[in-house]
Amino acid sequence: MRKLSYYVAVSIDGFIGAPDGDAAFFNTYVHGEYLDYLRTEGADTLPTPARRLFGIESVPNSRFDTVIQGRASYELALAEGITSPYAHLRELVVSRSITEFPDPHVEIVSGDIAARVRELKREDGLGIYLCGGADVAGQLRDEVDELVIKTYPVVLGSGMPMFAAGFRIDAFALESLRSFDNGVVVRTYRRQR
Ligand SMILES: NC(=O)c1ccc[n+]([C@@H]2O[C@H](COP(=O)([O-])OP(=O)(O)OC[C@H]3O[C@@H](n4cnc5c(N)ncnc54)[C@H](OP(=O)(O)O)[C@@H]3O)[C@@H](O)[C@H]2O)c1
């Protein structure tokens, strides 16, 4: 079975962005040894323009071959005129409002997305990258097998949560922890089932 990994940037207080979801401020920390980490171990999760910028556009996938993201997250790429933001992965965008395929490489999915992810997990291949945002992650909470949490050294006070979901205690076991000289900490957790 393939795994669903929520690979996400958060503040110290656990928000994935401002209250409106804006997360661009995290990018100011992308330099030095942390940038090296993203270029190597995080390469599969980088959008196509970043891969091009970092000179790793044709690096083969090692961890993920599929990405799923909500329409609001996808919209950020569309606003830049990019219709296939993860061209190196199979791309699924969750939406009801998008009725025509914006790009032949992008599959639009809707409805019971947890069931769709369970189908994907049964297929052969590398892992499935859950890109976010909070709405889609909330609906896929039960399907998340792994969390890779990139914590940036900022406190926001309020903002968009990792999961738009109700209160429940789900246990995860810490598998690894990496810290970088810019204050970013990357923790990997595996769900305890
Ligand atoms: N920090 C990070 O690492 C990170 C990562 C990713 C995203 N983000 C941030 O997250 C923000 C977006 O998060 P969000 O929670 O607002 O939205 P989202 O989860 O990206 O997308 C929500 C949209 O997905 C569609 N949708 C959700 N469930 C659906 C279902 N079951 N069936 C059909 N369509 C469904 C709807 O689109 P329609 O209206 O088209 O139906 C809904 O408006 C962005 O601003 C981005 O910056 C941060």
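No value in this document is a laboratory result; all are computed from the given coordinates. What you see is a predicted model; the values in this text were computed from it and never measured. All Cβ positions, glycine included, derive from the backbone under ideal geometry; neighbour counts span all protein chains shown.
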With the condition kept exactly as written, say whether any residue in the range 150-167 is over 30 Å from Tyr29 (Cα atoms), near the ligand (Cβ under 8 Å from one of its atoms) and not charged (D, E, K, R).
no
Filter the range 49-82 down to residues that are surrounded by 17 or more Cβ atoms within 10 Å (Cβ to Cβ) and hydroxyl-bearing (Ser, Thr, Tyr) and give me whichever is nearest to Thr151 (Cα to Cα).
Ser73
Six or more apart or on different chains, Cβ atoms under 7 Å: show the pairs whose first residue is in the range 19-34 and farther than 15 Å from Val8 by Cβ and whose second is within 12 Å of the ligand (Cβ to nearest atom) and of a type in the set (Gly, Ala, Ser).
Pro19/Gly159
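Which residues, counting only those in the range 128-178, are among the small types (Gly, Ala, Ser), out of contact with any Pro (no Cβ under 7 Å at 6 or more places or on another chain) and surrounded by 21 or more Cβ atoms within 10 Å (Cβ to Cβ)?
Here is the first cut: in the range 128-178, the residues among the small types (Gly, Ala, Ser) are 132-134, 137-138, 157-159, 164-166, 171, 173, 176.
Okay, now just the ones that are also out of contact with any Pro (no Cβ under 7 Å at 6 or more places or on another chain), so 132-133, 137-138, 157, 164-166, 171, 173, 176.
Within the range 128-178, Gly132, Gly133, Ala137 qualify.
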Among helices (runs of 4 or more DSSP H) lying entirely in the range 1-114, which contain 2 or more residues that are touching a strand residue (DSSP E or B) at 6+ places or on another chain (Cβ under 6 Å)?
71-78
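Identify the residue in the range 115-125 that is of a type in the set (D, E, K, R) and assigned to a helix (DSSP H, G or I) and, among all such residues, is farthest from the ligand (Cβ to nearest atom). Break it down stepwise before answering.
Applying the first criterion (of a type in the set (D, E, K, R)) to the range 115-125 yields 116, 118-119, 121-124.
Of the ones still in play, those that are also assigned to a helix (DSSP H, G or I) are 116, 118-119, 121-122.
Working: Arg116: 9, Arg118: 14, Glu119: 15, Lys121: 17, Arg122: 20 Å.
Per the criteria, the residue is Arg122.
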Within the range 1-29, tally of residues that are more than 9 Å from the ligand (Cβ to nearest atom), closer than 13 Å to Tyr152 by Cα, among the hydrophobic types (A, V, I, L, M, F, W, C) and buried (at least 18 other Cβ atoms within 10 Å of the Cβ)
0
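Out of the residues in the range 161-193 meeting the condition of being part of a strand (DSSP E or B) and charged (D, E, K, R), tell me which one is nearest to the chain's Cα centre (by Cα). Step through it out loud before you land on a result.
Going residue by residue through the range 161-193, those that are part of a strand (DSSP E or B) are 161, 172-179, 185-191.
Checking which are charged (D, E, K, R) leaves us with 175, 178, 187, 190-191.
On the way: Glu175: 18, Arg178: 18, Arg187: 14, Arg190: 16, Arg191: 17 Å.
Per the criteria, the residue is Arg187.
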